[in-house]
Amino acid sequence: MLNRILVKTFVAGAALNPNQLVKYGVDDNTVIPAAAAADSIIGSTGAIGADLGDRIDVTLIGVEEVSYGGNVTRGDLVTSDANGAVVTAAPVAAANARIAGIAMVSGVAGDIGSVLIKPGSMQG
């Protein structure tokens, strides 16, 4: 179930996979794959990826389908793994983690699941 509320078109600053979390690239109009919980995640690509230099729509707020990179339980706050896939956010004590949003369905690595994209941060 998709319910995209805010979608913006960007330029791919690197190859982007479908259903991947992204962060800003070298400028305000470029996105690249998110690669860590500390990255400033801004949203997710949809079902279509992009090659370097292509334009791509990114869901900034709303329900989007995202690739899972590990075990995720519905209701978990989620962040990015090294490949821009969703994993449960679990920062160590006194460390900050950026979150992409909230998992709406449970899943395991390799699944595509619905996530309420709502970027933010949390502290362990």
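The values are calculated or read from the model by the stated rules, or taken from the named source; none is laboratory data. Everything numeric in this text was worked out from a predicted model, so none of it was measured. Quick reminder, even Gly has a Cβ in these numbers, built from the backbone with ideal geometry, and neighbours come from all protein chains shown.
Enumerate the pairs (first residue in segment 11-32 and farther than 16 Å from residue 67 by Cβ and touching a residue at least 12 places away in the same chain (Cβ under 8 Å); second residue anywhere and among the β-branched types (Val, Ile, Thr) and outside any strand (DSSP E or B)) with beta-carbon separation below 7 Å, excluding pairs fewer than 6 apart on the same chain, so at least 6 apart or on different chains.
13/26
Can you tell me which residue is surrounded by the fewest Cβ atoms within 10 Å (Cβ to Cβ) among those in segment 88-111 that are in contact (Cβ under 8 Å) with a residue 40 or more places away in the chain and assigned to a strand (DSSP E or B)?
So, considering only residues that are in contact (Cβ under 8 Å) with a residue 40 or more places away in the chain and assigned to a strand (DSSP E or B), the one surrounded by the fewest Cβ atoms within 10 Å (Cβ to Cβ) is 96.
Please specify each residue of segment 57-71 satisfying the condition of being at negative phi and within 12 Å of the chain's Cα centre (by Cα).
Selection gives 58, 59, 60, 61, 63, 64, 65, 66, 67, 68, 69.
Out of segment 1-47, which residues are outside any loop (DSSP other than H, G, I, E, B) and among the hydroxyl-bearing types (Ser, Thr, Tyr)?
9, 24, 30, 44, 45
Of the residues that make up segment 114-124, is at least one at pLDDT below 95 and not in a strand (DSSP E or B)?
Within segment 114-124, one or more residues are at pLDDT below 95 and not in a strand (DSSP E or B).
Residue 19 versus (1) more than 17 Å from residue 82 (Cβ to Cβ); (2) buried (at least 20 other Cβ atoms within 10 Å of the Cβ); (3) within 12 Å of the chain's Cα centre (by Cα): which is the lone unmet condition?
(1)
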